[in-house]
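Working notes, beginning with the structure itself.
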Amino acid sequence: MESVMEDYDYTIDDLDGLCNLDPNLVDINTQTCIHSIICAFGLIGNALVIITYTFYKRTKTMTDVYLFNVAVADLIFVVALPFIIYNEQHSWLMGSVACKILRSAYSINLFSSMLLLACISGDRYIAIVHARRSFGARSRALIYSRLICSAVWLSAVALTLPTLMYTERTEEDNPGAANTTVVCQLFFSEAETAKLMKVLVPSLQMAVGFLVPLLVMVFCYSCIVSTLLKAQSSQKNKAVRVVLAVVVVFIVCHLPYNVALLTHTVSLFKERGCEAEKIKLKVLAVSRSVAYLHCCLNPILYAFIGVRFRSHFRQIMVDLWCFSKKYIYATRTSRGTSEICISGRMSSEGFNNNMSSFSA
């Protein structure tokens, strides 16, 4: 996820003397390593969710539709992340169009995935807290979930327009550095537009991309926990732990970055000291990387933690094994291999039919 911190230019007037704000080589290498790991796990996890819903598990509920779209949103970002890393380290060699598209990828992912997570919490609230009244309505409301997802994607694109319109690939003189630096950042020709957008863009990110989903999740999951604690169920403790994990992970991943972003935005139009600015940017970079982790954890928290979903994942592994046996060791395929594959399917289906969970 791209951060707003890189979208601001810092002039000598803002700082005490010459100040080189470029990260050092150790920080760059560390961030590259962490982001590569996030990209790899995010790609695998979200791709498995999409494959499962596409080939193994029909989207039977509203939550299924939301989960599929969350995986698509996260996949957009993890696919864009390696290109962002490469271009940041090679002066944006891919040009201005790639600059705009890649910078917008985070914004679309942020708004769409956060709003969809709020939709999931709302659907679970209705399904559990108002279970009796909503049973028939939810089964008939599947088409509405697709309309809601369409509205979420359109809203995400609309909220990303300022980033898409004003992001440019530019050269800037960096005080304290020997050469000019090619950057991809928000660029404005008028001072008034700059002041407006430098506040509007991060404000939208903090409000729509964090605060609103957080409030919805806290309300819905608080009611859900209260309902579960009153229920006579052997699995209620596990369900409560899942709910708490979802909320805690969301807060741990996104609260530090949004606090750092708020602090940074408030200080934009004030005179800042060089060392304080360096510390603030480092905090932003670290908290941004923590926020990136959420796209890796979403598949675990919302999909793989469900028993039925895990059974489909096992089925994928069995089918991949059978596929490799068929095409890599074609000359050795036998009746025994086919029986193992069929056995795996039957085992998965039995496991699926006899178990259930809060998130399945």
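Summary table
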| quantity | calculated |
| --- | --- |
| Residue list for the stretch 272-314, restricted to those being aliphatic (A, V, I, L, M) and touching a residue at least 40 places away in the same chain (Cβ under 8 Å) | L281, L284, A285, A291, L293, L297, I300, L301, A303, I305, V307 |
| Residue among S267, S287 that alone is hydroxyl-bearing (S, T, Y) and either at pLDDT below 90 or over 23 Å from the mean Cα position of the chain (by Cα) (or both) | S267 |
| Only listed residue being in the same structural domain as L102 (by TED's automatic domain parsing) and surrounded by 17 or more Cβ atoms within 10 Å (Cβ to Cβ), chosen from I44, I76, I37 | I76 |
| A127 being closer than 27 Å to L102 by Cβ, modelled with pLDDT of 80 or more and assigned to a helix (DSSP H, G or I) | no |
| Residue within the stretch 311-319 that is more than 21 Å from A40 (Cβ to Cβ) and not in a helix (DSSP H, G or I) present | no |
| Counted residues, the stretch 71-98 - those being touching a strand residue (DSSP E or B) at 6+ places or on another chain (Cβ under 7 Å) and either free of Cβ contacts under 8 Å to residues at least 24 places away in the same chain or not in a helix (DSSP H, G or I) (or both) | 2 |
| Residue among H264, H254, H294 that is under 23 Å from I108 (Cα atoms) and in contact with a Cys (Cβ under 6 Å, 6 or more places away or on another chain) | H294 |
| Candidate set from the stretch 80-103 (those that are among the polar types (S, T, N, Q) and under 19 Å from I38 (Cα atoms)); member that is surrounded by the most Cβ atoms within 10 Å (Cβ to Cβ) | N87 |
| Residue check for V199: over 29 Å from L297 (Cβ atoms), in contact (Cβ under 8 Å) with a residue 24 or more places away in the chain, β-branched (V, I, T) and not in a helix (DSSP H, G or I) | no |
| Residue within the stretch 228-246 that is at pLDDT 85 or above and under 24 Å from A105 (Cβ atoms) present | no |
| Filter pass, A194 being surrounded by fewer than 20 Cβ atoms within 10 Å (Cβ to Cβ) and at pLDDT below 85 | yes |
| Residue in the stretch 24-47 that is among the aromatic types (F, W, Y) and without any contact (Cβ under 8 Å) to a residue 24 or more places away in the chain present | no |
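For (1) without any contact (Cβ under 8 Å) to a residue 12 or more places away in the chain; (2) closer than 20 Å to R132 by Cβ, each residue gets a yes or a no:
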residue: L186; (1), (2): no, no
residue: A207; (1), (2): yes, no
residue: M217; (1), (2): no, no
residue: C220; (1), (2): no, yes
residue: L228; (1), (2): no, yes
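The values are calculated or read from the model by the stated rules, or taken from the named source; none is laboratory data. What you are looking at is a predicted structure, and each value in this text was computed from that prediction instead of being measured. Reconstructed Cβ throughout: ideal geometry from the backbone, glycine too, with neighbour counts over all protein chains shown.
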